[in-house]
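Written below as structure tokens is the structure these notes are about.
The values are calculated or read from the model by the stated rules, or taken from the named source; none is laboratory data. If you're wondering where the values come from, they're calculated on a predicted model, not measured in any experiment. A quick note on method: Cβ atoms are made from the backbone with ideal geometry, for glycine too, and the neighbour counts reach across all protein chains shown.
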Amino acid sequence: MDANPLNYVLRIGDACLIHGQRLGEWCGHAPIIEEDIALTNVALDHIGQARALLTLAGELEGRGRDEDALAFLRQEREYRNPTMLELPNGDFARTVLRVFLWASFMKVLCQALATSTNAQLAAIAAKSLKEVRYHQQHSGDWVVRLGDGTEESARRMSDALALLWPYAAEWFADDDIDRAAQARGLGPAWSTLESAWMGELQPVFEAAKLSPLADTPFRTTGKLGRHSEHMGYLLAEMQTLPRAFPGAVW
């Protein structure tokens, strides 16, 4: 795959966009009203991060595409988000665990991006870091509450971990995009963040009575544009209005 810096930024921007879209599906459906509001706010933070990152990606691309064009008018294989973030929400345990796993990763990524040679990317990371720290704390509290809760809640959290954990391996599989970004000083190869990410998980997992699972040969390829069967349905819903009414504005 082309090692253009554009693709490195798209991976982060698309991850925020797609995860934000999934979290937005909880609006009006969360188990308690406070969490309905909290998950919606986390979704909005993700969309804000996506807007900034896709604007930067459009500038790096140099073809005149703005954040809206990149968000809504690409084909499925042009999206670079990791596969885990496009999976259906499932139950509340699966959702909060995914938020926690991704927020913990974004925390260490944003910290590393503070020294990016691209000043705009470094500034986006600095702003996002404040948000993802809250996302991590809030979701981590729920992981502990459910994992160390009733027999039913612990079972659901254990099931969520069994489902989601293998998808995280994709995050740390390097390719030419990662290596080129690191060589240019744009950002770290994601594999270099795995140890710090595991360190973020450890205290929460211990309190929740969870343990990281063994590595498996299973690898998803959303970062390469090869997505799960769920991605097409998600994009169909997300892109309906922009494609039905090209150029429409509020």
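Does segment 2-16 contain at least one residue that is surrounded by fewer than 16 Cβ atoms within 10 Å (Cβ to Cβ), acidic (Asp, Glu) and not in a helix (DSSP H, G or I)? Scanning segment 2-16 turns up at least one residue that is surrounded by fewer than 16 Cβ atoms within 10 Å (Cβ to Cβ), acidic (Asp, Glu) and not in a helix (DSSP H, G or I).
Go through the residues of segment 208-224 one by one and say whether even a single one is assigned to a helix (DSSP H, G or I) and over 18 Å from Asp14 (Cβ atoms). Within segment 208-224 (the criterion being assigned to a helix (DSSP H, G or I) and over 18 Å from Asp14 (Cβ atoms)), the answer is yes, since at least one residue qualifies. Filtering segment 77-124 to residues that are more than 20 Å from Pro31 (Cβ to Cβ) and part of a loop (DSSP other than H, G, I, E, B) leaves Tyr79, Arg80, Asn81, Pro82, Ala114, Thr115, Ser116, Thr117, Asn118.
Applying the set (1) under 17 Å from Ala15 (Cα atoms); (2) among the β-branched types (Val, Ile, Thr); (3) surrounded by 15 or more Cβ atoms within 10 Å (Cβ to Cβ) to Val143 leaves exactly one unmet item: (1). The single condition from (1) surrounded by fewer than 12 Cβ atoms within 10 Å (Cβ to Cβ); (2) out of contact with any helix residue (DSSP H, G or I) (no Cβ under 9 Å at 6 or more places or on another chain); (3) touching a residue at least 12 places away in the same chain (Cβ under 8 Å); (4) closer than 19 Å to Asn81 by Cβ that Gly185 fails is (4).
Within the bounds of segment 162-173, is there any residue that is farther than 17 Å from Leu109 by Cα and exposed (fewer than 13 other Cβ atoms within 10 Å of the Cβ)? Please lay out each step first, then the result.
Restricting attention to segment 162-173, the residues satisfying the condition of being farther than 17 Å from Leu109 by Cα are 162-167.
Still in the list and also exposed (fewer than 13 other Cβ atoms within 10 Å of the Cβ): 162.
There is at least one residue in segment 162-173 that is farther than 17 Å from Leu109 by Cα and exposed (fewer than 13 other Cβ atoms within 10 Å of the Cβ).
Residue count for segment 214-238 satisfying the condition of being modelled with pLDDT of 95 or more, loosely packed, with under 15 Cβ neighbours inside 10 Å and touching a helix residue (DSSP H, G or I) at 6+ places or on another chain (Cβ under 6 Å): 2. Here Asn118 clears all of (1) within 20 Å of Glu200 (Cα to Cα); (2) touching a helix residue (DSSP H, G or I) at 6+ places or on another chain (Cβ under 8 Å) except the condition numbered (1). Applying the condition of being among the aliphatic types (A, V, I, L, M) and either assigned to a loop (DSSP other than H, G, I, E, B) or touching a Ser or Thr at 6+ places or on another chain (Cβ under 9 Å) (or both) to segment 54-76 and asking which residue is farthest from Gln136 (Cα to Cα) yields Leu73. Considering only residues in segment 17-31 that are in contact with a helix residue (DSSP H, G or I) (Cβ under 7 Å, 6 or more places away or on another chain), surrounded by fewer than 19 Cβ atoms within 10 Å (Cβ to Cβ) and touching a residue at least 12 places away in the same chain (Cβ under 8 Å), the one that is farthest from Asp45 (Cα to Cα) turns out to be Pro31. Quickly run through segment 36-80 and pick out the residues that are of a type in the set (Val, Ile, Thr) and more than 17 Å from the chain's Cα centre (by Cα). Passing the criteria: Ile37, Thr55.
Remark: pairs (first residue in segment 219-232, closer than 19 Å to Leu6 by Cβ; second residue among the small types (Gly, Ala, Ser) and assigned to a loop (DSSP other than H, G, I, E, B); Cβ separation under 8 Å; 6+ apart in sequence or on different chains) = Gly222/Ser228; Lys223/Ala173. Residues of segment 146-173 that are over 19 Å from Trp197 (Cα atoms), free of Cβ contacts under 8 Å to residues at least 60 places away in the same chain and either touching a Ser or Thr at 6+ places or on another chain (Cβ under 6 Å) or part of a helix (DSSP H, G or I) (or both): Glu151, Glu152, Ala154, Arg155, Ser158.
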